[in-house]
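Peer 1: Before I ask anything, let me first share the structure, which is written out below as C-alpha cells.
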Amino acid sequence: MWSSDLLRRSALLLAAAALLAACQVRPVYAPVGASAVGGKPAMATELASIAIDVQTDRVPQVLMNELIFQLRGGGSLVKPKYRLHLIVTESVSDLAIRASEDIAVAKLVSLTTTYTLTEIATGQVITSDNVYTTSSFDVTSQRYANVRSAQEAEDRAARAAAADIRLRLSSALIGKG
C-alpha cells in the first residue's frame, strides 16, 4: 500500500513537471535589443519599430507624442517595420447642468481614435480598431480656467487612449509573432 502511494505521487509529480516544462514564461516588455525565445525580436523592439503618421492638430499631436513616448520609452525610432495611421475625433458635451440657471457646470471630453497598424514591407494590415476615451472637467465663471481645464481634460483623454492603443498593439504583435 505504501509503495503504490509513493508510485502514484511520483507519477503525479512527473506529470506536473512535464506540463510545466512545456510552458515558456518571458516578459512581454523586455529591454530593447533583447531577443525573445526562439530568436524572435523582443516586444520592446517591435514596439519601437512603429512609425506614427504625423498629426497636425493639438489633441492628435498630444496623442501622437504620448504614443511615441510609450512605444519607444524616450528612445529613437529603430528601423521602421510598421506604420500606425491615426484618425482622432473629439467632442465636448455637457455633463452636469445647474438647473436654476441652465448653465453647464461640468463638461465631458470624448475622444474617439481609429488606428490602423500596417506592416511596411508587405502592406498587410496587422490590426485596426477604435479606442474611445473620456475625461471630464468643471466649468467656472473664469474663461481662462475653463480653457485650461478643457485642454487638461483633452490631454488626459489622449494619454488614456495612447495607453490603450499601446496595449492593443502589443497584443496584435504577440498574436502575429
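The values are calculated or read from the model by the stated rules, or taken from the named source; none is laboratory data. Fair warning: this is a prediction, and the values are worked out from it, not measured in the lab. When we count neighbours, we look across all protein chains shown, and the Cβ atoms used for this are built from the backbone with ideal geometry, even at glycine.
Peer 1: Test of understanding: among Ile103, Ile87, Ile52, which residue is at pLDDT 90 or above and either surrounded by fewer than 17 Cβ atoms within 10 Å (Cβ to Cβ) or of a type in the set (Ser, Thr, Tyr) (or both)?
Peer 2: Step by step, each of Ile103, Ile87, Ile52 is checked, and only Ile87 is at pLDDT 90 or above and either surrounded by fewer than 17 Cβ atoms within 10 Å (Cβ to Cβ) or of a type in the set (Ser, Thr, Tyr) (or both).
Peer 1: Kindly indicate whether Ala153 is modelled with pLDDT under 95 and of a type outside the set (Ser, Thr, Tyr).
Peer 2: On the way: modelled with pLDDT under 95: no; of a type outside the set (Ser, Thr, Tyr): yes.
It is false that Ala153 is modelled with pLDDT under 95 and of a type outside the set (Ser, Thr, Tyr).
Peer 1: Give just the number: which of (1) part of a helix (DSSP H, G or I); (2) touching a residue at least 24 places away in the same chain (Cβ under 8 Å); (3) farther than 23 Å from Arg58 by Cα does Ala121 not satisfy?
Peer 2: Here Ala121 clears every test but (1).
Peer 1: Do we have any residue at all in region 51-73 that's touching a residue at least 40 places away in the same chain (Cβ under 8 Å) and in a strand (DSSP E or B)?
Peer 2: Among the residues of region 51-73, at least one is touching a residue at least 40 places away in the same chain (Cβ under 8 Å) and in a strand (DSSP E or B), which makes the answer yes.
Peer 1: Quickly run through region 90-100 and pick out the residues that are at pLDDT below 85 and either among the aromatic types (Phe, Trp, Tyr) or in a strand (DSSP E or B) (or both).
Peer 2: Here is the first cut: in region 90-100, the ones at pLDDT below 85 are 95-100.
The answer is Leu95, Ala96, Ile97, Arg98.
Peer 1: Let me ask you something else. Which count do you get for residues in region 137-177 that are surrounded by fewer than 19 Cβ atoms within 10 Å (Cβ to Cβ) and among the aromatic types (Phe, Trp, Tyr)?
Peer 2: Within region 137-177, residues that are surrounded by fewer than 19 Cβ atoms within 10 Å (Cβ to Cβ) and among the aromatic types (Phe, Trp, Tyr) number 1.
Peer 1: Could I ask something else about it? Quick one: Val78 ticks every box in (1) loosely packed, with under 15 Cβ neighbours inside 10 Å; (2) part of a loop (DSSP other than H, G, I, E, B) bar one, so which box is it?
Peer 2: (1)
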